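Chemist: This is the structure I have questions about; it appears just below.
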Amino acid sequence: MEKYFTIARDSFTGYFNYLVNEVSNPSWTNYFYWLIVLSLMVWVVEIIIPWRKNQKIFRKDFWLDSFYILFNFFLFSLVGYNAISNIGVELFNDFLALFGITNMVAINVQNFPVWSQLLIMFVIADFIQWNVHRQLHKRPWLWEFHKVHHSVKEMGFAAQFRFHFMETIIYKTVQYVPLAMIGFGIQEFFVVHMFAVLVGHLNHANVGWSYGILGYVLNNPKMHIWHHSKELPNEHPYGMNFGLTLSIWDYLFKTAYIPKDGKDIELGFHGDEGFPKDFGKQVIYPFKKRKPHS
């Protein structure tokens, strides 16, 4: 038990020192400044070529979503997630050790060319996320958490990070084993993750891009706007367009839906009129109410 207390203590101090170093020492693999640069870059694109020209630069809930970026990217790890995840990994490894398993890596890709490592990790991670995302819509108890993200009423780049912290736990837990069995370095993870952040920013941005034929592979704003539609078609009662970075999964598994230009469709979900408007109440909402998916 003392080992786990030590891991928790070191996780808190270690992540705090890491965060201070991120802010005070810019580098090419610095999450903090890459996030700022990507966010500002996409925001400038929104301002220069807006899809919805009557939408304000500081749209509805702009500052709420900006805080969600800060919280979900950094503060959540600082207040406990980093410690919990490190303890969880150690408990899982200790469990495997009971069966004599000391190395989870089944396919070592470290000797593969860098481009193939990136491609393999990207495709596997995105497919897992697509499946998890579908479950967030189909399972009533998961939908309660996912409502936070779908409470967005005006789309903008920062809306990508308006999500409940439990989604981080769910996504990372499901991804851990398959990705650990392949084995990836932090450098590869950084590149893949920042690319996903950029695409996610663009998907939620006030821009009208669809990327032409590439839109059948890569998620895009004109496709993702329909994922946030308040009105769901009869053939997709739990939602559609679940892709995070890639759209190809939706086309392969028949969950793609772009009936027309969705620039001015109403966003949200049925009953969102009574959904909390501030961060604190949104965080505790799923723990207080349980409603069937609507």
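Chemist: From Phe195, Phe190, grab the single residue that is surrounded by fewer than 16 Cβ atoms within 10 Å (Cβ to Cβ), touching a residue at least 24 places away in the same chain (Cβ under 8 Å) and in contact with a Ser or Thr (Cβ under 6 Å, 6 or more places away or on another chain).
Modeler: Phe190
Chemist: Ok, one more. Within the group Ile7, Ile47, which residue is touching a residue at least 12 places away in the same chain (Cβ under 8 Å) and more than 18 Å from the chain's Cα centre (by Cα)?
Modeler: Ile7
Chemist: Quick one: what pairs do we get from segment 65-77, first residue in contact (Cβ under 8 Å) with a residue 24 or more places away in the chain and more than 20 Å from Ile87 (Cα to Cα), second buried (at least 19 other Cβ atoms within 10 Å of the Cβ) and charged (D, E, K, R), C-beta under 6 Å, 6+ apart or different chains?
Modeler: Asp65/Arg162; Tyr68/Arg162
Chemist: Further question: How many residues are over 25 Å from Met41 (Cα atoms) and buried (at least 17 other Cβ atoms within 10 Å of the Cβ) if we restrict to segment 74-86?
Modeler: Total satisfying the criteria: 6.
Chemist: How many residues are on the phi < 0 side of the Ramachandran plot, free of Cβ contacts under 8 Å to residues at least 60 places away in the same chain and of a type in the set (Gly, Ala, Ser) when one looks only at segment 198-228?
Modeler: Total meeting the criteria: 3.
Chemist: Separate question: Would you confirm whether any residue within segment 253-269 is more than 22 Å from Tyr171 (Cβ to Cβ), among the basic types (Lys, Arg) and in contact (Cβ under 8 Å) with a residue 60 or more places away in the chain?
Modeler: Of all residues in segment 253-269, those more than 22 Å from Tyr171 (Cβ to Cβ) come to 254, 257-268.
Retained after the next criterion (residues that are among the basic types (Lys, Arg)): 254, 260, 263.
Those still in the list that are in contact (Cβ under 8 Å) with a residue 60 or more places away in the chain too: 263.
So far as segment 253-269 goes, yes, one or more of its residues are more than 22 Å from Tyr171 (Cβ to Cβ), among the basic types (Lys, Arg) and in contact (Cβ under 8 Å) with a residue 60 or more places away in the chain.
Chemist: Thr173 is checked against (1) in contact with a Ser or Thr (Cβ under 6 Å, 6 or more places away or on another chain); (2) not in a loop (DSSP other than H, G, I, E, B) and fails just one. What number does that condition carry?
Modeler: Against the list (1) in contact with a Ser or Thr (Cβ under 6 Å, 6 or more places away or on another chain); (2) not in a loop (DSSP other than H, G, I, E, B), Thr173 comes up short only on (1).
Chemist: Ok, one more. Pairs under 7 Å by beta carbon, first residue crowded, with 22+ Cβ neighbours inside 10 Å in segment 139-161, partner part of a helix (DSSP H, G or I) and among the aromatic types (Phe, Trp, Tyr), six or more apart or different chains?
Modeler: Listed pairs, sorted by first residue: Gly156/Phe62; Phe157/Trp43; Ala158/Phe62; Phe161/Tyr68; Phe161/Phe73.
Chemist: In segment 45-73, which residue that is assigned to a helix (DSSP H, G or I) and touching a Gly at 6+ places or on another chain (Cβ under 9 Å) is surrounded by the fewest Cβ atoms within 10 Å (Cβ to Cβ)?
Modeler: Across segment 45-73, the extreme among qualifying residues is Phe62.
Taken together, the values in this text are just the output of simple stated rules run on the coordinates, not laboratory data. What you are looking at is a predicted structure, and each value in this text was computed from that prediction instead of being measured. Cβ coordinates were reconstructed from backbone atoms using ideal geometry, including for glycine residues, and neighbour counts include every protein chain displayed.
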